[in-house]
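Okay, structure first, notes after.
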Amino acid sequence: METKDDMLHIVSRKFSGKRHTWRIICYPVGGKKGSENMDYIALFLLVYDDTVVDEAAVVAQATFSLLDQDGNPVPSYSRTTIVKYDFSQELRPLGIYKFINRKDLEQSGLLKDDCFAVRVDVHLVGEAYNNKEPLPPSTQHLGDLLSKSKAADVEFRVGGEMFPAHRQVLKARSPVFKAQLATIKDEGTTTDTNVIVQIIDDIEPRVFSALLTFIYTDVCPAEMNSSSDVGMTQSLLIAADKYCIHRLKLICEDRLCNRINTRSVSILLVLAEKHSCPSLREACFDFLGTKEVLFEVVQTKEYEHLARSCPTITNQLIYNVLNRKKADTADWSQEVQVSIIKIA
């Protein structure tokens with residue numbers, strides 16, 4: 001690894017995937033003196049393409065892993081996060097502020113000659129939803145196929161609305177649809193035109209429409225860009241989870257991470273717990289990291305629902321705040337003690 005002159009961080013050599021070039025940035029001291037991150041090593045992923053595409057974004061899921069002396073990832077020291085890169089803002093790294101405590105690293109037995117190795121696995125989640133460039137021809141053709149209902153061989157009845165679709169497209173994009181449609185002739189209703197009709201009663205029509213559109217075109221609905229329509233993103237995440245549209249689920253999770261406030265955080269925590277959204281859960285916990293914010297949230301009706309639905313989460317929140325308070329007090333006491341020693 002190459003060390004910068006200021007010695008504040010270490011930047012790896014460039015490494016390339018199929019479409020982008022990246023660097024890893026390591027901060028041995030993850031935060032300023034007195035901050036809660038100062039005892040941790042921070043790791044970040046930086047997109048380092050030679051050209052920056054204006055107003056485009058790429059969403060990537062990155063897993064940082066500490067390696068043992070044989071070069072194998074250590075499961076207990078592997079962290080995954082959803083990282084959004086805005087190409088219109090050059091050299092903007094995002095990652096994990098608390099990858100590993102430095103004392104824990106020193107005692108882990110993973111150091112060799114005072115060095116440690118890190119591996120990052122980058123999985124591109126998507127670019128299309130924030131990209132103004134024309135869609136690939138195949139995507140446009142599939143979109144036309146959906147909008148014009150050409151050769152549809154299955155229809156979904158959702159809340160009184162009908163949505164024509166194509167079994168082969170659905171089976172290729174969703175393992176759940178693939179399993180359902182494999183036996184659809186036995187369970188569905190056949191019309192006079194031999195089109196199979198399926199009834200879906202647990203999804204709103206507009207949400208199912210958005211789900212189908214994404215399956216065919218990889219494009220998210222415009223409503224997801226509005227901060228006032230968080231409910232649409234939540235419902236779409238639930239639908240994506242139900243039908244195992246992993247990429248759409250990650251995009252929804254990323255959007256919700258930017259919609260956290262004192263009213264929504266409890267609802268989003270329940271959502272994260274029920275639908276296995278680790279990044280959303282972590283973002284909510286970070287938001288509720290101080291007693292002042294937690295006290296304000298506790299007063300809401302949404303928190304009452306959280307306490308009933310997921311009591312273990314509320315216990316964890318209180319534990320985290322109390323632990324942080326103890327840590328802050330310990331840091332203050334240590335600073336005072338050091339000062340006294342210096343004066344003596």
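We did not get these values from a lab; they are worked out from the coordinates using the rules stated. These numbers come from a predicted model, not from an experiment. For neighbour counting, all protein chains shown are included, and Cβ atoms are generated from backbone atoms with ideal geometry for every residue, glycine included.
Structure notes:
- Order by protection proxy (mean Cβ within 10 Å, highest first), peptides 210-216, 198-204, 313-319, 68-74: 210-216, 313-319, 198-204, 68-74
- Taking the charge dipole of the stretch 200-251 about its Cα centre, with +1 at Lys and Arg Cβ atoms and -1 at Asp and Glu Cβ atoms, the residue from 220, 231, 250 reaching farthest to the positive side is 250.
- Neighbour counts of C-beta atoms inside 10 Å place 12, 309 in the sequence 309, 12, starting with the fewest.
- Gained length - residue 111 relative to residue 16, 0.36 nm times residue gap less alpha-carbon distance: 31.5 nm
- The distance between label points at residue 162 and residue 244 comes to 3.0 nm (points 7 Å beyond Cα on the Cα→Cβ vector).
- A cut-off of 5 Å between modelled amide H atoms, ignoring neighbours fewer than 5 places along the same chain, links residue 117 with 67.
- Per-residue Karplus couplings for the stretch 269-280, computed as 6.51 cos²θ - 1.76 cosθ + 1.60 with θ equal to phi - 60°, are listed in order as 5, 4, 4, 4, 5, 6, 10, 6, 10, x, 5, 5 Hz, Gly and Pro entered as x.
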